[in-house]
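Asker: Below is one structure. I have some questions about it.
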Amino acid sequence: MTRTNLVTGFLGSGKTTTLRYLLAHKPADEKWAVLVNEFGEVGIDGALLAESGAVLKEIPGGCMCCVNGLPMQVGLNMLLQQAKPDRLLIEPTGLGHPKQILSLLTSEVYQSWLTLNATLCLLDARQLSDDRVVSNENFRDQLACADIIVANKQEMYSDKDQQALATWLSEHGDDRKILHVSQGEIDPRWLDAPRNNQQTLPDGQHHHGQSARQGLAALSLPGQQRWRRALNQAGEYVSCGWIFDGETLFDTVAFLDWARLAPVERLKAVIRIQEGTLRINRQGQDLHIETLAAAPVDSRIELINHQQTDWNTLQSALLKIRLS
Ligand SMILES: Nc1nc2c(ncn2[C@@H]2O[C@H](COP(=O)(O)OP(=O)(O)OP(=O)(O)O)[C@@H](O)[C@H]2O)c(=O)[nH]1
Ligand SMILES: [Mg+2]
């Protein structure tokens, strides 16, 4: 039986950061697997988790339960049956509704394969003051069906955010465990907490991305093509992703400027630069940058925004900062 946890949380709340922390503290003799589903077509969280030592399966392009849950089921079956991991951590898209995933995981088929432990929901309490986020059904339902709430990015909270968190917990906390952390640094022992929350949720807004299947295809570049882009849309959220071949080299400084200034809510990129690899992860104004000496297989960039965005203008600027 694979011990399994769902790690939920709204867009950019710190799910992948938490997985990276947990994987870095994995017992050496255990085999862990990660199933990660992204809203964008291009799939970048996989690259962010690449050297984490886990067996990894990515499902880009919309929400996991699209197309009658097929992409998710295929990915899940592959992981459980081929990798036979001791533990499985599932990161659904921050824009997805948790209900379908929970009902799939608790369905008869998986009873002999996995034990579903506590669902952890990441929360950036600063978002509690953002009406657009708080009124989002997925945001609310992710929190509602969590067993453990992880108030992440603690060091960024103002007194007002702490107050908003305290108020939210008094209204919706229901005596659930609350972890106050930064950088997703939660004690791995919480993964063994049981799943107690049997909250029944409404079906949720089912604004699927149109293209879960295309999403999988978007992972490769056919023929001699140097780059391609893929769009996705669900409800008010839109995404645009680009993949460039492994030969494409970007100007580091110009790319950082482009990434910092792009008028979008969320930006992730793993790109090739002269020095190797540049990883950028931006949520709002928070920008996290890493460099690695090894070159990536290809370059991937994904932007997400909550309103229609002029992707062509951003693309023209992006194409100009290639060095080769
Ligand atoms: N300041 C601060 N930034 C953090 C913390 N945890 C994560 N971040 C940053 O927040 C951004 C989003 O983190 P991710 O872990 O990618 O968030 P996510 O929930 O996986 O995002 P999606 O998969 O796109 O929904 C990144 O830039 C992280 O570096 C934290 O505790 N403090
Ligand atoms: Mg993520």
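The values are calculated or read from the model by the stated rules, or taken from the named source; none is laboratory data. Note that the structure is a prediction, hence the values are computed from the model and not measured. Every residue, glycine as well, gets a Cβ built from its backbone with ideal geometry; the counts of neighbours run over all protein chains shown. Only protein heavy atoms, including side chains, enter the accessible area calculation; ligands, DNA and RNA are left aside. Shrake-Rupley method; radii C 1.70, N 1.55, O 1.52, S 1.80 Å.
Asker: Of everything in the stretch 148-179, what is among the hydrophobic types (A, V, I, L, M, F, W, C), over 21 Å from the mean Cα position of the chain (by Cα) and over 14 Å from Cys121 (Cβ atoms)? Give them in sequence order.
Answerer: Within the stretch 148-179, Ala164, Ala166 meet the criteria.
Asker: I'm checking my understanding of the structure. Among residues of the stretch 21-48 that are at pLDDT 95 or above and among the aromatic types (Phe, Trp, Tyr), which one is farthest from ligand 1 (Cβ to nearest atom)?
Answerer: Trp32
Asker: Could you list all residues from the stretch 266-299 that are within 23 Å of Leu319 (Cβ to Cβ), within 14 Å of ligand 2 (Cβ to nearest atom) and open to solvent by less than 30 Å² (accessible area, probe 1.4 Å)?
Answerer: Arg266, Leu267, Lys268, Ala269, Val270, Arg279, Ile280, Arg282
Asker: A follow-up question, please. Return a yes/no flag: does the stretch 71-82 have any residue that is within 15 Å of ligand 1 (Cβ to nearest atom), open to solvent by 10 Å² or more (accessible area, probe 1.4 Å) and assigned to a helix (DSSP H, G or I).
Answerer: No, the stretch 71-82 contains no residue that is within 15 Å of ligand 1 (Cβ to nearest atom), open to solvent by 10 Å² or more (accessible area, probe 1.4 Å) and assigned to a helix (DSSP H, G or I).
Asker: Okay, moving on. Anything in the stretch 1-23 that is more than 16 Å from ligand 2 (Cβ to nearest atom) and of a type in the set (A, V, I, L, M, F, W, C)? List them, or say none.
Answerer: Met1
Asker: Got a sec? Which of Leu219, Leu169 is modelled with pLDDT of 95 or more and either assigned by TED's automatic domain parsing to the domain that holds Asp286 or among the hydrophobic types (A, V, I, L, M, F, W, C) (or both)?
Answerer: Leu169
Asker: Could I ask something else about it? For the stretch 138-153, give me the residue count where each residue is open to solvent by less than 10 Å² (accessible area, probe 1.4 Å) and touching a Pro at 6+ places or on another chain (Cβ under 7 Å).
Answerer: Summing the residues that are open to solvent by less than 10 Å² (accessible area, probe 1.4 Å) and touching a Pro at 6+ places or on another chain (Cβ under 7 Å) in the stretch 138-153 gives 2.
Asker: Pick out the one residue from Val55, Val34 that is β-branched (Val, Ile, Thr) and more than 16 Å from ligand 2 (Cβ to nearest atom).
Answerer: Val55
Asker: If you go through the stretch 1-9 one residue at a time, do you hit one that is aliphatic (A, V, I, L, M), within 16 Å of ligand 1 (Cβ to nearest atom) and open to solvent by less than 10 Å² (accessible area, probe 1.4 Å)?
Answerer: yes
Asker: Here is a follow-up. Being within 25 Å of Asn196 (Cβ to Cβ) and among the polar types (S, T, N, Q) is the filter here; which residues of the stretch 148-168 pass it?
Answerer: Within the stretch 148-168, Asn152, Gln154, Thr167 meet the criteria.
Asker: Mind checking whether some residue in the stretch 244-261 is in contact with a helix residue (DSSP H, G or I) (Cβ under 7 Å, 6 or more places away or on another chain), within 16 Å of ligand 1 (Cβ to nearest atom) and open to solvent by less than 30 Å² (accessible area, probe 1.4 Å)?
Answerer: no
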